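The values are calculated or read from the model by the stated rules, or taken from the named source; none is laboratory data. This one's a predicted model, so the numbers in the text were calculated from it and none came from an experiment. Note: ideal-geometry Cβ built from the backbone for every residue, glycine included; neighbour counts use all protein chains shown. Surface areas here come from the heavy atoms of the whole protein model, side chains and all, with no ligands, DNA or RNA. Shrake-Rupley method; radii C 1.70, N 1.55, O 1.52, S 1.80 Å.
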Amino acid sequence: MPVLRRHPLAFALAAALVALPAAAAEMPKDPEVLDTVEVEGQNLTPLAPLSMEGATKRLAERAGATTLVDAEALRNGRVSTLSDALGFAAGVFVQPRFGSEESRIAIRGSGVQRTFHGRGLVVLQDGIPINLADGGFDMQSIDALSARYIEVWRGPNALEYGAASLGGAINYVSPTGYDIDGTRLRAEAGSFGYGRWQAQWGGHSGAHDAVVSLGGFAQDGYRANARQENHRLGANWGYRFSDTLDARVYLTHVDTRSALPGSLTRAQFLANPEQAAAGNVLLDQRRDFELTRASLRVAYRPEAGRELLVSAFASDKFLDHPIFQVLQQDSLDRGLDVRIREEGEINGRRNVFVAGFGHVRGDTRDDRWVSRGRANPDDHRGARTDQNDQLATSTTVFFENQHWLGQRWVAVVGAQALSAKRRFEDRLPVPFDASFDRRYDAFSPKLGLRFEAAEGVQWFANLSRSAEPPSFGELAGGPNVTLVDLQRANSGEVGLRYSRDGLDLDAVVYRANVENELLALTDGNGNPLGTRNADRTIHQGLELSTRWAFAPQWQVALNALVNDFRFDGDAAFGDNELAGLPREWLRAELAWAPSDAIRIAPNVEWVPNDYFIDHANTFTAPGYAIWGLKVSGNVSEGLSWFVDGRNLGDRAYVATTGVVADTRVPFNPANPAAVRPPRDGAYYLPGDGRSVYVGLEWRL
């Protein structure tokens, strides 16, 4: 085992403010006028990360769809799942698969088939990738309670982070010792055996600042066999060498244990949505892992408008995943990222140039055994069935230039070059050697335009190309190797950002013509083919998010999506809808806050129509509407509370589903004219029933 696992990360960092006494002097009766003396001192606030105000300004200057989530505003309710953190982030669809941190998360239909170990997005912490080198990411790796703010870059708009994927990028930015000055203690408890605690300490002294966050979470779950436990430690320490140079070290340790209740058939869901799938219980199916991660970022700003960021990271992960087989993966990922940013003028017009280079490498040992499940609870492993070594690398070079054509018009041009490798060495070549070595290269350009119609009113449009190489989940995640190609897309969007008179509005219309989309497909006769490249697909829709303070004590928030994802003349599926996401989805909240002591906010989540769970469009998941109520307030300075009620109507609903190609009975060549009716299968993942959570937070 790696050294990091033999000695799990355990440390304590603390920083205290140092009081410097000041000497008092008596003012002379007849003051003497002295010569002016200029005194220069260090500005000790960090060069990076940006303050929330700085991040808001930079995101607003994009000729593309972006969102900033103030993590402080999340703390007036339960903060447990990705849905709690990103449920009101424009353009983001996120649904926990059984009340857990593992979720289906998609932007513009990215990675639509994944309800765990996500794909199709670049997820970062403080600008440094959380994704493994092959592109997959784990939702449990990040705690939203430990973030200061969250940046969402939708579609191929995140070239500043070297991302050019269909979905975009999500960046969790940690607080520094300048954001947290003292101690924060938080406790949450509620239904289904839920409990969460967190302790944070932060401060600064001289050129040093530091933050430490410790947290734990456990719940029995709404469904049987759904017990979860997570423990996290995160810390960062910064040192300001001078006005132009600083460095920050980040450390993270995650220990997570999740039982898997599995998917239910429609009949099982209607009979009892709280039950677990029998096979999951019999085999004691779980997904457990330990992750230790360290990163370093150095920021150099020799003068205003010029910036160099250099980041390096290493991540050690061990996955223990007994499902229909026992899967264990031991992986080590490391990477280097260099970014420059220069603001100046060209021909008297403002110009912002960003360029960078990134390289990541991941080495994984993958072992698989027959699962003995509960027949041997101490060790589920039976006979070995497979062993392989996986190597993934990804190298990106990118640039983006914004040029002000006038006071109101800004033109954007950018591009990314990508080269990725996936090498698979079969260590147990029985009955055949499944080894492969694949390389994926792509070039993704971007053109954009932004128009400042008035103060707080922006229109933008862009055309871009995205490219996404397959992860090992697509290449070797199933029973057979499937050598798929790179997924590409040509995308366009037109959007409006409006922030005036108490109204914040984000509205975007987009379309992506996708080539070689990575999907689980069948042939024309319904025979499963595993993950394949679809020929042509279309992803288009509307993203709408708004917050409106329409009266001094009232505010309404809304996040809505209209999705139109479909095949485009496919040989097997014609122009059918792509399965997995509802066509319409809405979340809304109305808040009344007459004082700091009380805030009352009813909320609703609505999927108005049934949606398909198979690409053949034969089987659906039902739409639903659930409502809740959140009440919160401040008892005194530094002490706050909340009561958060979810699904108070106790509606049995399907939160998310599996995605399959065709639910119909297989084609029978002996009777080609026979009707192929859909079959009920284990596709449904029920959402939580009625639940209530309470919490307290102290700031000392």
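Considering region 203-223, the residues that are assigned to a loop (DSSP other than H, G, I, E, B) and surrounded by fewer than 17 Cβ atoms within 10 Å (Cβ to Cβ) include one that is modelled with the highest pLDDT, namely Asp220. Being surrounded by fewer than 19 Cβ atoms within 10 Å (Cβ to Cβ), in contact (Cβ under 8 Å) with a residue 24 or more places away in the chain, assigned to a strand (DSSP E or B) and within 26 Å of the chain's Cα centre (by Cα) is a property that holds for Leu296. Given the criteria in contact (Cβ under 8 Å) with a residue 12 or more places away in the chain, assigned to a loop (DSSP other than H, G, I, E, B) and β-branched (Val, Ile, Thr), does Thr656 qualify? So Thr656 does not fit the description; no. The set of residues in region 211-263 that are closer than 30 Å to Pro46 by Cα, hydroxyl-bearing (Ser, Thr, Tyr) and in contact (Cβ under 8 Å) with a residue 40 or more places away in the chain comprises Ser213, Ser242, Thr244, Tyr250, Thr252.
Out of Gln387, Gln416, Gln402, Gln407, report the one residue that is under 25 Å from Gly492 (Cα atoms), open to solvent by 20 Å² or more (accessible area, probe 1.4 Å) and touching a residue at least 40 places away in the same chain (Cβ under 8 Å).
Gln407
The set of residues from region 56-78 being in a helix (DSSP H, G or I), of a type in the set (Gly, Ala, Ser) and closer than 30 Å to Ile600 by Cβ comprises Ala71, Ala73. The number of residues in region 159-193 that are assigned to a strand (DSSP E or B) and surrounded by 22 or more Cβ atoms within 10 Å (Cβ to Cβ) comes to 7.
Within region 540-554, being surrounded by fewer than 18 Cβ atoms within 10 Å (Cβ to Cβ) and free of Cβ contacts under 8 Å to residues at least 40 places away in the same chain holds for Leu542, Ala551, Pro552, Trp554.
Residues of region 662-700 that are under 22 Å from Ala579 (Cα atoms) and of a type in the set (Phe, Trp, Tyr): Phe667, Tyr683, Tyr684. Checked against the criterion of being over 18 Å from Glu605 (Cβ atoms) and part of a strand (DSSP E or B), the candidates Gly681, Gly695 yield just one match: Gly695. The set of residues in region 390-399 that are open to solvent by 20 Å² or more (accessible area, probe 1.4 Å) and without any contact (Cβ under 8 Å) to a residue 60 or more places away in the chain comprises Thr395, Val397. Screening region 282-293 for residues that are touching a Phe, Trp or Tyr at 6+ places or on another chain (Cβ under 9 Å) and open to solvent by 20 Å² or more (accessible area, probe 1.4 Å) and picking the one that is modelled with the highest pLDDT gives Glu290. Selection within region 256-281: residues that are in a helix (DSSP H, G or I) and open to solvent by 30 Å² or more (accessible area, probe 1.4 Å). The member of this set that is farthest from Gly215 (Cα to Cα) is Ala267. Filtering region 65-101 to residues that are over 18 Å from Leu558 (Cα atoms), over 12 Å from the mean Cα position of the chain (by Cα) and of a type in the set (Val, Ile, Thr) leaves only Val79.
Summed over region 419-433, residues that are assigned to a strand (DSSP E or B) and open to solvent by 40 Å² or more (accessible area, probe 1.4 Å) total 3.
Exactly one of (1) in a loop (DSSP other than H, G, I, E, B); (2) closer than 21 Å to Leu696 by Cβ is unmet by Ser110. Its number? Among (1) in a loop (DSSP other than H, G, I, E, B); (2) closer than 21 Å to Leu696 by Cβ, Ser110 violates only (2). Every listed requirement among (1) crowded, with 23+ Cβ neighbours inside 10 Å; (2) over 14 Å from the mean Cα position of the chain (by Cα); (3) within 29 Å of Ala90 (Cα to Cα) is met by Arg196 save one, (1). Residues of region 86-99 include at least one that is farther than 25 Å from Leu505 by Cβ, part of a loop (DSSP other than H, G, I, E, B) and touching a strand residue (DSSP E or B) at 6+ places or on another chain (Cβ under 7 Å).
Might you let me know whether region 32-55 holds any residue that is modelled with pLDDT of 90 or more, open to solvent by less than 70 Å² (accessible area, probe 1.4 Å) and at positive phi? Looking through region 32-55, none of the residues is modelled with pLDDT of 90 or more, open to solvent by less than 70 Å² (accessible area, probe 1.4 Å) and at positive phi.
Which of the residues spanning region 361-377 are more than 20 Å from Asn388 (Cα to Cα) and either open to solvent by 50 Å² or more (accessible area, probe 1.4 Å) or modelled with pLDDT of 95 or more (or both)? Before the answer, list the steps.
First, the residues of region 361-377 that are more than 20 Å from Asn388 (Cα to Cα): 372-377.
Matches in region 361-377: Arg372, Arg374, Ala375, Pro377.
List pairs: first in region 486-501 and free of Cβ contacts under 8 Å to residues at least 40 places away in the same chain and under 30 Å from Pro470 (Cβ atoms), second open to solvent by 10 Å² or more (accessible area, probe 1.4 Å) and of a type outside the set (Gly, Ala, Ser), Cβ under 6 Å, 6+ apart or cross-chain? Hits for this filter: Asn490/Arg465; Asn490/Asn513; Gly492/Leu463; Gly492/Arg511. Summed over region 591-636, residues that are without any contact (Cβ under 8 Å) to a residue 24 or more places away in the chain and not in a strand (DSSP E or B) total 1.
Within region 557-577, how many residues are within 23 Å of Trp606 (Cα to Cα) and exposed (fewer than 15 other Cβ atoms within 10 Å of the Cβ)? Walk me through it before giving the result.
Filtering region 557-577 down to residues within 23 Å of Trp606 (Cα to Cα) leaves 557-566, 577.
Still in the list and also exposed (fewer than 15 other Cβ atoms within 10 Å of the Cβ): 564.
Going through region 557-577 one residue at a time, the tally reaches 1.
Could you say whether any residue in region 600-608 is closer than 21 Å to Thr81 by Cβ, out of contact with any Gly (no Cβ under 6 Å at 6 or more places or on another chain), open to solvent by less than 50 Å² (accessible area, probe 1.4 Å) and modelled with pLDDT of 95 or more? Break it down into steps so the answer makes sense when it comes.
Filtering region 600-608 for residues closer than 21 Å to Thr81 by Cβ gives 601-607.
Keeping just the survivors that are out of contact with any Gly (no Cβ under 6 Å at 6 or more places or on another chain) gives 601-602, 604-606.
Still in the list and also open to solvent by less than 50 Å² (accessible area, probe 1.4 Å): 601, 605.
Among the residues that remain, those that are also modelled with pLDDT of 95 or more are: 601, 605.
Within region 600-608, one or more residues are closer than 21 Å to Thr81 by Cβ, out of contact with any Gly (no Cβ under 6 Å at 6 or more places or on another chain), open to solvent by less than 50 Å² (accessible area, probe 1.4 Å) and modelled with pLDDT of 95 or more.
Residues in region 224-255 that are in contact with a Pro (Cβ under 7 Å, 6 or more places away or on another chain), surrounded by fewer than 22 Cβ atoms within 10 Å (Cβ to Cβ) and not in a strand (DSSP E or B): Ala224, Asn225, Thr244.
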